[in-house]
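Note sheet for the following structure.
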Amino acid sequence: MQGISVEPDVNETNSRLANPQWGGRFATGPAAVMGEINASIGFDKRLWRQDIRGSLAHAAMLAKVGLLTTEEEAQIREGLLTIADEIEAGSFAFSTALEDIHMNIEARLSERIGEAGKRLHTARSRNDQVATDFRLWVRDAIDGLDGQIATLMTSLATRALEFHALPMPGFTHLQVAQPVTFGHHLLAYVEMLARDRGRLADARARLNECPLGSAALAGTSFPIDRRFTAAQLGFDRPTANSLDAVSDRDFALEYLSALSLLGMHLSRLSEEIVIWCSSPYNFIRLSDAFTTGSSIMPQKRNPDAAELVRAKIGRIGGDFIGLLMVMKGLPLAYAKDTQEDKEPVFDATEAATLSLAAMDGMVRDLTPHAARMREMAGAGFATATDLADWLVRVLRLPFRTAHHVTGRLVGMAEAKGCDLGELTLEEMRSVEPGIDASVFDVLTVEASLASRTSEGGTAPEAVRRAATLWLHALEGIA
């Protein structure tokens, strides 16, 4: 939970006493810098919901197999739920001396209910506890992001349906290539985001195994029921190897990898929004809600929301690489290095969540400058490919020959300072005598768009159908 301060324990005396949760082996406490580098409560307090959920399931399992009495399990349940209320209310005093969220909650539980609280850690270790909590947190994050992605896809598909017939230039190498529709362009990002949802769903399926019961690294001698615990927490099954279970962070890396691809897609769309908003293009306008001004140039309207989303991939990709470097040299099983696993995941999740919200707002907000888009859709000899296709289809020329003929006609038009459709029939026949007047029927933007009827093409009717199909598929998800 964000916004909760972490205060030193009022009972600790300058860190001279060993941690009461594990300190039987130690006569004195850690050095001040050791206490600082070792404590993770400053960031892992975010796991409190997952930690309490895991402890409730563990207590229920211990009672089921007879390692807790019914009364003890009830006391633990009531105590944990009360602690959840305290944390939710902001009245829980987190202690850096207790290092992490697990010890903070366990110590408070024992303080509240006495001996029963001390029995909760039977048949588990912090190693399998944190692995379980972290999987639960990532799973929850995936579920939240999946809804956000579906919402953005719905917004894109809605605008694509609205502008299914609006011409705009399609680019390759950022040069005008062929006419497309604005709706078709927006649907390209729906496809990208659908793959992002699929990758996150795959990551969720792979992480959905329960480490609890693996204990420190070797399992436990207690007669526990790991399948019961897994079912209680919504996992598909227990993890199959205790060494792997406590040391694995593949699920976090796969999650960050998927977020990196998502961030890259959002960055690409952000870059296009920045370009489209620029004066030379002037394809779209963002309202005051998603732009800012200049401190010195009063005329400026800067697409800062898009620029900031564009930058977030740097954080997300950096978080992925950072955790990859933490994990690359770790032997089995658990090592304290993995304490560095949570902050990059938390940071990347925040960046992705904010980016999706901002992008959805911009997609809903933008207003196309239709006349400008139509004008530019035909610029740069954008119908040249249509001319080449006509030569192949009508005159039966080999495509390479048609390509050469079209190139000569483009050169002729460029020299005259006119478009292809403004050449005379006689001028065209001087290059290819077989050309007749019907060629002019294909040299308009509208004709070019209408002809692109192949599956996945930009023909307005095809775009309308594709947008409608996506909206039906997303109905009830977003």
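The values are calculated or read from the model by the stated rules, or taken from the named source; none is laboratory data. Just so you know, these numbers come straight off a predicted model, no measurement behind them. We place every Cβ from the backbone using ideal geometry, glycine too, and count neighbours over all the protein chains shown. Side chains are part of the model used for accessible areas, which takes the heavy atoms of the whole protein and leaves out ligands, DNA and RNA. Shrake-Rupley method; radii C 1.70, N 1.55, O 1.52, S 1.80 Å.
Things to note:
- Count of residues meeting criterion [part of a loop (DSSP other than H, G, I, E, B) and acidic (Asp, Glu)] in the range 107-135: 0
- Any hit, the range 97-106, residues being out of contact with any helix residue (DSSP H, G or I) (no Cβ under 8 Å at 6 or more places or on another chain) and not in a helix (DSSP H, G or I): no
- Any chance residue 380 is over 15 Å from residue 439 (Cβ atoms) and without any contact (Cβ under 8 Å) to a residue 60 or more places away in the chain: no
- For the range 460-475, a residue qualifies if it is over 14 Å from residue 186 (Cα atoms) and open to solvent by less than 80 Å² (accessible area, probe 1.4 Å), and the qualifying residues are 473, 474.
- Selection count where residues are open to solvent by less than 40 Å² (accessible area, probe 1.4 Å) and polar (S, T, N, Q), scope the range 152-178: 2
- Leading residue by the ranking (farthest from the chain's Cα centre (by Cα)) among those in the range 451-467 that are assigned to a helix (DSSP H, G or I) and more than 15 Å from residue 170 (Cβ to Cβ): 461
- Annotation: of all residues in the range 25-64 being surrounded by fewer than 16 Cβ atoms within 10 Å (Cβ to Cβ) and farther than 30 Å from residue 343 by Cβ, the one that is modelled with the highest pLDDT is 64.
Each row is one residue, and each column tells you yes or no for (1) basic (Lys, Arg); (2) outside any helix (DSSP H, G or I); (3) more than 26 Å from residue 52 (Cα to Cα); (4) out of contact with any strand residue (DSSP E or B) (no Cβ under 9 Å at 6 or more places or on another chain).
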position	(1), (2), (3), (4)
137	no, no, no, yes
144	no, no, no, yes
155	no, no, yes, yes
158	no, no, yes, yes
164	no, yes, yes, no
171	no, yes, yes, no
178	no, yes, yes, no
190	no, no, yes, yes
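- Residue in the range 280-314 that is surrounded by the fewest Cβ atoms within 10 Å (Cβ to Cβ), counting only those that are without any contact (Cβ under 8 Å) to a residue 40 or more places away in the chain and among the β-branched types (Val, Ile, Thr): 296
Residue-by-condition table, conditions (1) within 21 Å of the chain's Cα centre (by Cα); (2) farther than 27 Å from residue 330 by Cα:
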{"residue": "182", "(1), (2)": "no, yes"}
{"residue": "191", "(1), (2)": "yes, yes"}
{"residue": "196", "(1), (2)": "yes, yes"}
{"residue": "217", "(1), (2)": "no, no"}
{"residue": "229", "(1), (2)": "no, yes"}
{"residue": "246", "(1), (2)": "no, no"}
{"residue": "249", "(1), (2)": "yes, no"}
{"residue": "261", "(1), (2)": "yes, no"}
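- Candidates are the residues of the range 365-419 that are open to solvent by 30 Å² or more (accessible area, probe 1.4 Å) and of a type in the set (Phe, Trp, Tyr); the one that is modelled with the highest pLDDT is 399.
- Take the conditions (1) under 30 Å from residue 34 (Cβ atoms); (2) buried (at least 23 other Cβ atoms within 10 Å of the Cβ); (3) not aromatic (Phe, Trp, Tyr); residue 76 misses just one of them, which is (1).
- Test: residue in the range 239-248 that is open to solvent by 20 Å² or more (accessible area, probe 1.4 Å), touching a Gly at 6+ places or on another chain (Cβ under 7 Å) and either at pLDDT 95 or above or farther than 30 Å from residue 326 by Cβ (or both): yes
- Here residue 359 passes the criteria (1) in contact (Cβ under 8 Å) with a residue 40 or more places away in the chain; (2) crowded, with 17+ Cβ neighbours inside 10 Å; (3) in contact with a Lys or Arg (Cβ under 7 Å, 6 or more places away or on another chain) except the one numbered (3).
- Put simply, of 17, 67 the only residue that is at pLDDT below 90, outside any helix (DSSP H, G or I) and either open to solvent by 40 Å² or more (accessible area, probe 1.4 Å) or over 24 Å from residue 346 (Cα atoms) (or both) is 17.
- When 157, 116, 150, 141 are screened for being assigned by the TED database to the domain that holds residue 244, out of contact with any Leu (no Cβ under 7 Å at 6 or more places or on another chain) and modelled with pLDDT of 95 or more, only 141 passes.
- Residues satisfying the stated conditions in the range 315-342, i.e. in a helix (DSSP H, G or I) and open to solvent by 60 Å² or more (accessible area, probe 1.4 Å): 315, 321, 324, 325, 336, 337, 340
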